[in-house]
1. Sorted by accessible area (1.4 Å probe), largest first, how do ASP10, ASP195, ASP174 line up?
2. Could you order MET180, MET213, MET106, MET28 by accessible surface area, starting with the largest, using a probe radius of 1.4 Å?
3. Roughly how many Å² is the accessible area per residue of the chain, as a whole number, for a 1.4 Å probe?
4. Out of all DSSP beta bridges with both ends in the chain, state the antiparallel percent to the nearest 5.
5. Expressed as a fraction of 2.2 N^0.38 Å, the rule-of-thumb size for a compact globular protein of N residues, what is the C-alpha radius of gyration of the stretch 22-92?
6. Starting from the Cα of LYS31, draw a straight line to each of the lysines and keep only those under 28 Å, dropping any in the same chain fewer than 8 residues away.
7. Using protein chains only and a probe of 1.4 angstrom, how many square angstrom of TYR59 are accessible, to the nearest 10?
8. Would you please calculate the Kirkwood hydrodynamic radius of the stretch 139-228 over all C-alpha pairs and express it in Å, rounded to one decimal?
Amino acid sequence: MGIETGLTFDLDEVHTDGREAIVFGAGMFGKHIVNELLQRHIVPTCICDNNQALKGTEYHGFPVIPYRELPKKNYLFVLGVADWPIQEAVLTQLLGDGVALKDIVMPLFYGPRLLFDERILMVPGWAEAVVLERGKRRKKQGRQFAEYFLSNDLRRIQFYGEGVLADWLEQEIDGSSIVMEMRAGNLQEVSGAADAIVVADQARYIYLEEELMDIVDCPIIDVWSVVR
């Protein structure tokens with residue numbers, strides 16, 4: 001299954017629009033999602049799961065119903081599974097049953113260490129998809145990417161890494177007052193003169209940050225922090 005675009009990743013942007021919200025997954029992550037929804041004043045109808053053995057159980061009063069026993073309605077499915085193989089399986093299942101992407105939410109939490117943890121790191125395409133979607137949404141809101149750097153008094157920046165995200169962000173700040181030094185393709189090319197290093201390889205940011213901190217004293221920033 002390829003990377004699907006059009007999914008909602010941010011729970012703060014979820015609107016039921018008259019649909020019944022259902023958390024798909026009755027494990028620990030699913031229960032965490034129930035609590036996150038309640039904090040946002042979204043009350044799920046139930047929790048569904050593919051495990052028939054969980055039928056009749058509940059969490060905080062929300063019943064667990066086997067997925068295949070759900071009445072045929074227009075639901076908003078909020079994925080409560082964390083591991084990528086299971087996420088992929090559930091997405092494939094829902095899409096195969098005719099559920100539209102607009103009716104599926106795959107919650108990913110802010111912060112590179114939470115959003116792009118080891119599970120998501122195994123699928124770098126998801127990192128690109130999430131960052132690009134957030135960036136496009138930010139642009140539609142009339143927010144300029146240079147604002148992030150200017151508000152933090154970062155005038156000279158250097159990108160570390162190549163690829164789609166680096167090309168895209170470089171284009172977005174073109175014409176602004178931000179000075180971009182040469183893009184570094186390896187650690188030997190990293191400049192200590194920049195006000196900040198922006199890691200364009202979001203999927204490997206956690207590991208690259210530690211390596212870069214041994215080379216420069218300036219802030220090490222991931223692309224997600226710029227667009228969030």
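The values are calculated or read from the model by the stated rules, or taken from the named source; none is laboratory data. Since this is a predicted model, take the numbers as computed values, not measurements. As a convention, Cβ positions derive from the backbone with ideal geometry for all residues, glycine included, and neighbour counts pool all protein chains shown. The protein model used for the area step is the full one, side chains on, heavy atoms only, and it has no ligands, DNA or RNA in it. Shrake-Rupley method; radii C 1.70, N 1.55, O 1.52, S 1.80 Å.
1. ASP174, ASP195, ASP10
2. MET28, MET213, MET180, MET106
3. Ligands and nucleic acids excluded, the figure is 50 Å² per residue.
4. 10
5. That works out to 1.02 for the stretch 22-92.
6. The reachable lysines, counting only those whose Cα sits under 28 Å from LYS31, are LYS55, LYS72, LYS73, LYS102.
7. Counting only protein heavy atoms, TYR59 exposes about 50 Å² to solvent.
8. Kirkwood hydrodynamic radius for the stretch 139-228: 13.1 Å.
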